[in-house]
Amino acid sequence: MPGSRLTHQDRRLIAAGLAEGLGYAEIARRLERPTSTVTREVTRNGGAHRYRADHAHRATERRARRRTRSPLPAAPAPTDPYGRDPEAVRDFEERFVSLMTLAGLPRMTACVLCRLFTADTGVLTAAELVRLLRVSPASVSKAVGYLEGQGLVRRERVAGRRAERYVIDRDVWFRAWQAGLRVNFALADVARAGAETLGAATPAGARLDDMSAFLRHVSEDQARQGEYWLRFLTARRTREPGGEAAGEPDGAVDGAGDGAADADPGARVPERAAGPERG
């Protein structure tokens, strides 16, 4: 029945629908359930290709038992100062977490990242995350440690207290992209050195040389795009209330160009290079 928990039979019907190649919406119509219910169920239990009804039902029962054994106080529902629909926000958060999980993030880490993104301040303490997510402090600490290592979150000490708060800002993806680009450049250098060591004329050397050429060409192209974005973003922020005080990214990889304030936000992205070069 819509609104109630999925039964074992419901999960068998979901598995049968996936085996037939049906989409989530069609399966949901057969069950008379919201599409989001089927999407969450499948994503939480291995995805469309690995979903098994019996396994999903047992996993759900285990999660229910854990929640029953150690209940944590529910977070109070705050009044949204912007008048946003709480149900729509929760639906977005679930989709955000599901996609981040499919991209490789552990689910708890994705939940912490989502909460920071959807907090208007972009700042939450460990205690606030524990209360909002109803998890242990250790779970929050592990998730934050992972995000910090990826350059997605930074820690700040709360003045006058031993507590820490975790911060996410508008430039978070720019910094994470920079970190990934530096790794790609390093991989290109290592692959080139490997090609020289093994001999560029050998099959292994040629394979490494191709890897180096690809990574360097694509990374240099991305670095140019990053410099364009930096100029565009800085110009846009100077027109915001508060001007440059709104903040600027840390700078593009290997140095972004100067004269950012003169950039034309409507300008075309620079043309990419004609092709990879070797040698």
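Put simply, the amide H of T125, placed in the peptide plane, has neighbours under 5 Å in Y166, leaving out anything fewer than 5 places away on its chain. Shown is the FRET efficiency for A103 and H8, computed with R0 = 25 Å from the Cβ-Cβ distance and rounded to the nearest 0.05: 0.25.
Each principal axis of the stretch 189-241 carries a Cα extent, and these read 59, 12, 9 Å when sorted largest first.
Our coupling estimate for the stretch 201-206, obtained by passing each phi through the Karplus curve with A = 6.51, B = -1.76, C = 1.60 and θ = phi - 60°, is 7, 8, x, 5, x, 5 Hz, Gly and Pro reported as x.
Give a quick list of trypsin sites (Lys or Arg not before Pro) in the stretch 76-172 that DSSP marks as loop, anything other than H, G, I, E or B, with at most 15 other Cβ atoms within 10 Å. Don't skip to the answer; put the middle values down first.
On the way: sites: R84, R90, R95, R107, R115, R131, R134, K142, R154, R155, R157, R161, R162, R165, R170; in loops: R84, R134, R161, R162, R170.
Passing both the DSSP loop test and the Cβ count: R84, R134, R161, R162, R170.
With the simple spin-label model, which puts each label point 7 Å out from Cα in the Cβ direction, the R62 to R29 separation comes to 3.5 nm.
A probe of 1.4 angstrom, applied to the heavy atoms of all protein chains, finds M100 with accessible area near 40 square angstrom.
Take the Cβ-Cβ distance between A201 and E148 as r, set R0 to 41 Å, and report the resulting FRET efficiency rounded to the nearest 0.05. Spell out each step's value before the answer.
Numbers: r = 45 Å, r/R0 = 1.09.
Once the sixth-power term is evaluated, E becomes 0.40.
Under 5 Å from the amide H of V153 lie the amide H atoms of E148, each residue being 5 or more positions distant or on a separate chain, with H modelled from the backbone and absent for Pro and chain starts.
FRET efficiency for the R239 to D169 pair, using the beta carbon distance and R₀ = 22 Å, is estimated at 0.70. Ordered from highest to lowest accessible area with the whole protein assembly present and a 1.4 Å probe, V158, V172 read as V158, V172. Orientation-averaged projection of the stretch 140-242 equals 10.0 nm² [convex hull of Cα atoms, one quarter of hull surface area].
The values are calculated or read from the model by the stated rules, or taken from the named source; none is laboratory data. These figures come from a predicted structure and were not determined experimentally. Methodologically, a virtual Cβ is constructed for each residue, glycine included, from the backbone with ideal geometry; neighbour enumeration extends over all protein chains shown. Only protein heavy atoms, including side chains, enter the accessible area calculation; ligands, DNA and RNA are left aside. Shrake-Rupley method; radii C 1.70, N 1.55, O 1.52, S 1.80 Å.
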